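Everything on this sheet refers to the single structure shown next.
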Amino acid sequence: MSDPATEPPPSEGSLAVTSLADVLQSLTEAQSTGTLALHQDNVVKAIFVQKGEIVFATSTLKADRLGEVLLRHGVISKSAHRATTKVMQESGKREGETLVEMGILAPKALFEGLKLQVEEIIVSAFLWDRGHYRFIEGPLPAHVIPLPVHLDQLLPKALDRMKAR
């Protein structure tokens, strides 16, 4: 019989019992591929994992939207954010596509912006001390754009935010 302290976390559970760091570590060690869905109140965040590596993340939280993240980090101005929001509402296009088409961001800057957004979503999820997680093993959805995200670089950021709370 194995020691319960060394067993990997279950595929679903409470973030009050099992930390996000432990869940992600287990997925890394198992070289898992799939979607880790996180739920807290009305917010849903999804972390996409491919062969144990974090490759993308999404969120239903307004503060985690691409334009909000870029605005908060000074990558785009308030007026550019307002203009892209208006065009997106009229065209139905995605924010990144709109930012490039309007000449606000170059494609390479969009890539860096998406990476920043994914990192922000994951770092903010580390601050959750309650909620529910569920890992759904399987291929990644078509909309996932694999980005290099390194957990060892995100943990110090998460710790800094925890200390600042």
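The values are calculated or read from the model by the stated rules, or taken from the named source; none is laboratory data. All values derive from a computational prediction rather than experimental measurement. Reconstructed Cβ throughout: ideal geometry from the backbone, glycine too, with neighbour counts over all protein chains shown.
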**Request:** Quick one: in the stretch 27-60, of everything that is small (Gly, Ala, Ser) and in contact with a strand residue (DSSP E or B) (Cβ under 9 Å, 6 or more places away or on another chain), which residue is nearest to ARG134 (Cα to Cα)?
**Result:** ALA37
**Complete:** PRO148 passes all but one of the listed conditions (1) modelled with pLDDT under 90; (2) within 16 Å of the chain's Cα centre (by Cα); (3) surrounded by fewer than 14 Cβ atoms within 10 Å (Cβ to Cβ); (4) part of a helix (DSSP H, G or I); the exception is number (4)
**Request:** For GLY67, indicate whether it is buried (at least 19 other Cβ atoms within 10 Å of the Cβ) and either touching a His at 6+ places or on another chain (Cβ under 9 Å) or on the phi > 0 side of the Ramachandran plot (or both).
**Result:** yes
**Message:** If LEU71 satisfies all but one of (1) touching a Lys or Arg at 6+ places or on another chain (Cβ under 8 Å); (2) free of Cβ contacts under 8 Å to residues at least 24 places away in the same chain; (3) not in a helix (DSSP H, G or I), what's the number of the condition it fails?
**Reply:** (3)
**Complete:** Those residues of the stretch 25-51 which are more than 23 Å from ARG65 (Cβ to Cβ) and either crowded, with 22+ Cβ neighbours inside 10 Å or charged (D, E, K, R) (or both) amount to LEU27, GLU29, LYS51
**Request:** Kindly check whether there is at least one residue in the stretch 78-87 that is out of contact with any Leu (no Cβ under 9 Å at 6 or more places or on another chain), closer than 27 Å to PRO139 by Cβ and at pLDDT 90 or above.
**Result:** no
**Message:** Checking LYS115 against (1) touching a Leu at 6+ places or on another chain (Cβ under 6 Å); (2) modelled with pLDDT of 95 or more, only one condition comes out false. Which one?
**Reply:** (2)
